[in-house]
Every structure is written in structure tokens, then in C-alpha cells.
Amino acid sequence: MNGSLIPALEAFCLSLQQNLQSEFDFFYLSRNLASKDWLEAYKQAILPVQCAKFYIHPSWHQKPSHISTDDCIMIDPALAFGSGHHESTSMCLELLSDLDLKRKNALDVGCGSGILSIALKKQGVSALVACDTDSLAVEETLKNFSLNQIPLLVQDKVIYGSTQKIEGRFDIIVANLVADVIKSLYSEFVRLCNHTLILSGILETHLNSVLQIYYNGFEVLEQRQRNEWVALKLLKKQPIN
């Protein structure tokens, strides 16, 4: 801290004490603290995490030698959501890791940091579309693709905007959002989903209201819960001719 600022702050506190002491039990304390590398302390607090087959770690942590690069996702914590530590993200990764996605096309709605998009590419999807209504999230997704040395192919897209900008149908859709947004996207997921839909970010208290909306178009294949958070793996119901 600037040395000239400390005496000014002490003088201000002393003035407050003199003016307020008759009305309030006011006191202040000042002391010198040892200098600390706060950036390094922050880095040490961000630990790697294992989510099913995926080992998620920041760039300043080396992956263990026994873990394949194909199962590693490098994410530096930022403002965009998704580092693997939150229950909703980890359950998404667990549900994705069980799927055979080779030669499938995928959509990541609300891509955040891009962690689920990276997992989809590592699972072998042949074409990926990721979208987010937050421009910062789109930037973070592109940055993390580069950090993980995953090229975006001509058929891959990262889009700033909503699902209304997206055409076609997808074998797998993942959406780690919140319940109200998930409910509002039901008709869009019916339009875009060809087979599997993974939803997460649902609080247990909102689960029934989500299921009531999705019942007509999707069948629940699997439900997972960690603390108060719920994730669903759904199968698109096909119309009966």
C-alpha cells in the first residue's frame, strides 16, 4: 500500500473517534502485516479435480504422469462458469463420460468456460456447436480450446447468442443452466434434439416443475443428485406414426 496513504487513513480514523466517541463506542486498530504473494496464494487454493474419467486442472498444475492427455482438461478459473468443482458441472461430465460419442454431433447450450464442449471433443464428437448469451463466455471457450490445443474444425462453431440462431438436429445436447432457463428452452430442445439431452444446474426444489414440462417430449434415463443439485439424462421421445 502507498506509504503516504496510511498516515492519512490513521488521521481520518482518529478524527472519527474524536467526533463519534461521545455517541458510539468507536475504536480502530492498525497494524503492519507481512507482505504476501496473493496471486500465488490464490493459485495454490485452486486444486485439480477428478470428474469421472476427466482430470480437470489449472495450467499451473501439472497432470500426473499416469493420466492420459485425452482425459485431461485444462481450465484456468475465470468469470465464465465451469471449472469442474461445482456439482452441476461434475455431474454433467460424469454423464458425458458414459456415452459413446464417436461420429456424433453435439450442442453445448450455455457453454460458459467451454469445459463441457472440450469434454465432448475429447469424447470423439465429429461436429460441435457451442453457444452462450454472454460474450465473455464465448471468449473464454475459445481461449480454453486453444489452451487445451483442441482445434476448431470447419464443422465446429462457437456462437454468441441463443439457440434461436442454431439450425439442424443434434445427437447429444448438454445444458448446464438454471431451472427457469431450462424450462424456457423446452420447445427449443424438442426442435434441436435428435436423441440424448443432458440437463444440469437444477435445484432439487425445482426438479418437479422441470420434469412436468419435459415429460411430453423426453424420457428420463438417469437422474443424479449431489447435495441440492440435480442432473438428468433424457431420451427424446419419437413420434408414433
Selected residue [surrounded by fewer than 14 Cβ atoms within 10 Å (Cβ to Cβ), of a type in the set (A, V, I, L, M, F, W, C) and in contact with a helix residue (DSSP H, G or I) (Cβ under 8 Å, 6 or more places away or on another chain)] from 210, 220:
220
So how many residues does the stretch 81-116 have that are closer than 19 Å to residue 193 by Cβ, in contact with a helix residue (DSSP H, G or I) (Cβ under 6 Å, 6 or more places away or on another chain) and of a type in the set (Gly, Ala, Ser)?
1
Hey, can you tell me all the residues within the stretch 169-184 that are over 25 Å from residue 227 (Cβ atoms) and crowded, with 16+ Cβ neighbours inside 10 Å?
170, 171, 172
Select from the stretch 31-52 the residues that are part of a strand (DSSP E or B) and out of contact with any Leu (no Cβ under 7 Å at 6 or more places or on another chain) and write down the one among them that is surrounded by the most Cβ atoms within 10 Å (Cβ to Cβ).
49
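Would you pick out the residues in the stretch 108-142 that are farther than 13 Å from residue 177 by Cβ and aliphatic (A, V, I, L, M)?
Listed by number, the residues that qualify are 115, 118, 119, 120, 125, 127, 128, 129, 130, 136, 138, 142.
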Within the stretch 71-78, is there a residue that is of a type in the set (A, V, I, L, M, F, W, C), in contact with an Asp or Glu (Cβ under 6 Å, 6 or more places away or on another chain), more than 18 Å from residue 53 (Cβ to Cβ) and surrounded by fewer than 24 Cβ atoms within 10 Å (Cβ to Cβ)?
yes
Tabulated pairs, the stretch 148-168, first buried (at least 17 other Cβ atoms within 10 Å of the Cβ), second outside any strand (DSSP E or B) and among the polar types (S, T, N, Q), C-beta under 7 angstrom, 6+ apart or interchain
158/141
Give the residue, chosen from 187, 200, that is at pLDDT 95 or above, assigned by TED's automatic domain parsing to the domain that holds residue 116, among the small types (Gly, Ala, Ser) and surrounded by fewer than 16 Cβ atoms within 10 Å (Cβ to Cβ).
187
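The values are calculated or read from the model by the stated rules, or taken from the named source; none is laboratory data. Predicted, not measured: the structure shown is a model, and the values here were computed from it. We place every Cβ from the backbone using ideal geometry, glycine too, and count neighbours over all the protein chains shown.
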